[in-house]
Structure formats: C-alpha cells, structure tokens
Amino acid sequence: MKNILRTASVCLFASLALSLGACVAPSDSNTTTTNAPANTATTTGASPAPSASPANQANAKDMPVTLPVLDAMFADEGFAGQLKQNVQLNDEQITRLRQIAREETSKLRETDSDVETRSTAQASQRAAEQIRGVVGEDKFDSFANFVRTRWASGGEEGGGDASGNNAPSGGATSNRPNSVPTDTRIVVNAPAYRMDVFRDGQLVKSYRVGIGYPEFPLPTGLRRANTIIFNPTWTPPDEPWVESSGNVRAGQTVEAGSKLNPLGPVKIPIGSPSLIHGGKSPAKLGSFASHGCVGLTSPQVLDFSRVLAEMSGTQLTPEQIAEYGKNKSETKNVKLSNAVPVELRYETIVVEDGKLHIYRDVYDRDTNTEENLRAVLAAYDVNYDQLSDAEKTKIREALSQMSRDASGRADTQSTQNSNANQNSNSAQGNRNSNNANSNNSNNSRVTRAVKGKKEIVIELAALKGKGYPAAANLDTGSGTAGRTSANAPANNRRR
C-alpha cells in the first residue's frame, strides 16, 4: 500500500502561512526579529527596483496552473476576496473551487516508483477542465490569467504581474534569452536545477538545487527576499495525509530541529507560495524535491544565508549563524537591510560558456522548439541556417529528446495543447479522454524522478566565447565546491 504523502504541500502551505505574518514581528514569545545593520563598508546593497528578463516575462504568462497550487493559494483567505473582486466569482463558485483543489491535493501520494506518474501538462489539463465546470467558459480565461499574475508576483504588492507590467523599473536585464543580470540578484533556472548569485553583474556563487515536483511546479517571475528565518517552526496543514500519518496533527507546531520538520535550519520567503529552504538530502539536488520551493541541503542553506545577507548589505557573521543554531527552540527573523531580487526562470535552451545546453522540458511547457532555438542563437548573432548539416542534426535530435516530459513521454505538445488556454470544444474532448482514465486520476502520484537524460550539451564553434556564465564556486551539496567562472573573460560573462 502506498504511503500517505508525508510532506505534500509543505513548501506551499508553510510559505503562505509565513506570508500572513512571519515577515513582521511574530507574536510567539520564542521568536525574535532582528533588523540587522547595513555593512556598507564591505558590501553592495541589492538593487531595490529590478525588472525581470523580458524573455522570462513571456514564459510567465504561460505558467501552468494546477489544483494543488490553487489549493495553496486558498490558504490565504485574502485570495477568495480577490477572486470576488477581480474575477467576479460568487461565494458558491469560490467554495466549490476550494473544495476541488483540496480534494486533488489530498489524493496525491508519494512512491518510490516513477511508473505511470502524471506530468505538469496532465495536472494542468485536469485543473482546466474542473475549473471550467465551476466558473464557466466566459470567466475561465480571466480566472486563469488572474491566478498566473498572482503566482508570478508571489502575491506581493508591486511584485510585477505575469507580463512584468507592474514590475518596478530599473536594474533591468538585457532584452534577450539567457540574459546576464547587471545588478545584484539571485537567478534560479528550474530546468538546470541551478541557483546563481550575482553581485553587480558578476556571478560569484552557484548552488545545485532541488525544484518543485511537476504537480507543484516552481513558478517563474520576479520575487524578493526580505527576511532570513533561522530555526523555523512548521505548522502542518489541515490535510487528510497529516492525521493519517500518525506523526503530526494539523495545526500543531513542529519545533525547529525536529526530524518531523521538513524545512531544515533556515527558510527564506520569496513570495507566496514559495520558499528557499534547507532540509534536503544531497540525493534530492538536481531533481524534483519540493512542493513549489527551491530546496537546499542544510549546510547549503546556512552558507546561502551568509551570502544573501552579505549581498543585501546586512551584517550577519558566521559566529551569529552558529549561535542561532545552538538555540533551536528560538526562531530568529533577520530582516535584510535591502531586499534582494530573486528571478525564477524556466529556460531549457541556454548558451552557456560557449556551449549550447538543452535541458529536459520537465514542466511540459513546450519550450524545446526550433523557433525558440533560433531565437536563442540569434541573441548571440548566430544564424541557425548557416550551421553545418551535422550540427543541425545534433540539435534537432537533442531538441526531440529533451522535449519529453519528466516521465519520458514524448507527447508534450499534445498535452500542452490541453492547457488553460484551449477552447471549450477541445476541453470537452479532453474531458472524454480523461473519463477513460479516471482510475489513474483517482490514484495520483507525485512525479519524483526524471526518466532518462536531463541535459544535452552541444559544442558549436560559432558560440565560442559567448553565453551565460558557467557555474561559479558551485556548491553541489556534497560538501565539495565545483569550478569557478569568476575569472572568465568579460565576453563570457556579458554575452
């Protein structure tokens, strides 16, 4: 018998609970908040008003919406009121949406087997069908666009919408794919399982990370990190899997440091419903590892906390971090002197350090196309038609192989066409198809692993000396650092 998903919705629900109050001084007597002084003598503060990469903005508007993500959004009671105001839904519709989202989340199970698992496209298709049945065809598009907008911004005022229209100006990256920031920010590219730290446009540190399961995909868009929370507690959500696990109860406080607390020693809110947090095993890095969050090992997240504080101009010494770790019963909120932009990307075609990297389309967003490939190459003044026949063959084969979803299926395009933007006739056809597989829908499993290769690298002479920088001082989570690109030629870092 499958085990009940013990950690389902941890990141999503924990971050939403956090967004409701933990970024301000908590009422818990064991929690303290520190407004750390700026260390302006040795650091450069983050740009306060960044904007997202234009290439990434285009991806944001097409973000898949799944019912587990919707369920997490409903954890913020303000979300229901926003649906009334912005989408003109009534109480009955909102109640029904809350119900179907909760039911879908409660059905998810986690298993060591990745056979017969669902994909992001399938989860999005199922969500679209059920949501249409509640809100109607006339309001579906506005509903889906509102959810994507809120998701892209992290629910933060001024955080930018799905198209970037509300993002503050200043600190913009160049208008090209794989753009290299010119300011101070964090960049996470989900398909590459990589998080990069840029300071004044220079890549200074990279981390291997775990990303959200396909059913709980990591969003895209521009977020901000404002606070580092040491020794976070965890309040399990009111879900069926909580009570049946026998280990914790919904609503109880799981203390920091407990083996039942999945957040590790540090969590960093980056806008609901996502966190950067520790507690992951090294084996989880470079794979699916969370429910809408960026996952690190505990040593990684402690190191990242120090780096994040430094780049924000906040004084946080290794001695202070060690001291916080000694008293795990006290949650410590360290308010950053300057908010640090966190840009969440979904780029599966990346020119990096003179080579073409094609990553698996793990969230089924149909990004590994010749059209996108041509656009990326054109950004580096390379014409696809002028490549050799052998190079074109390699690229086409790589695009085809990496277009498969996480479970190895090659039907990404057909399932993606069943997303939230399809018309009602297509939706009806997909509903009929889904009815034939209702047993699989009632026994949903979380997709935990990628079948086959995750990346193909192709060397092209025309790309020599160009591209996004290679990982710098890469922390793989294994306790050893990788190679650095800090001293790479300027054209490697800037193209």
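The values are calculated or read from the model by the stated rules, or taken from the named source; none is laboratory data. Remember, it's a predicted structure, so these values are computed and weren't measured experimentally. Positions of Cβ are backbone-derived with ideal geometry, glycine not excepted, and every protein chain shown enters the neighbour counts.
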Check your understanding: Taking the range 261-304 on its own, how many of its residues are surrounded by 24 or more Cβ atoms within 10 Å (Cβ to Cβ) and assigned to a helix (DSSP H, G or I)?
Key -> 3
Check your understanding: Given the structure, is residue 343 in a loop (DSSP other than H, G, I, E, B) and either buried (at least 23 other Cβ atoms within 10 Å of the Cβ) or not assigned by TED's automatic domain parsing to the domain that holds residue 193 (or both)?
Key -> no
Point to revise | Criterion violated by residue 309 - all others in (1) outside any strand (DSSP E or B); (2) touching a residue at least 40 places away in the same chain (Cβ under 8 Å); (3) over 30 Å from residue 176 (Cα atoms) satisfied | key: (3)
Point to revise | Single residue of 169, 163, 106 found to be modelled with pLDDT under 95, farther than 23 Å from residue 272 by Cβ and small (Gly, Ala, Ser) | key: 169
Review point. Restricted to the range 353-391, and to residues that are of a type in the set (Ser, Thr, Tyr) and more than 16 Å from residue 404 (Cβ to Cβ), which residue is surrounded by the fewest Cβ atoms within 10 Å (Cβ to Cβ)?
Key: 388
Check your understanding: Being buried (at least 20 other Cβ atoms within 10 Å of the Cβ), assigned by TED's automatic domain parsing to the domain that holds residue 475 and among the basic types (Lys, Arg), is that true of even one residue in the range 313-335?
Key -> no
Point to revise | Residue check for residue 322: of a type in the set (A, V, I, L, M, F, W, C), assigned to a helix (DSSP H, G or I), modelled with pLDDT under 95 and within 22 Å of residue 264 (Cα to Cα) | key: yes
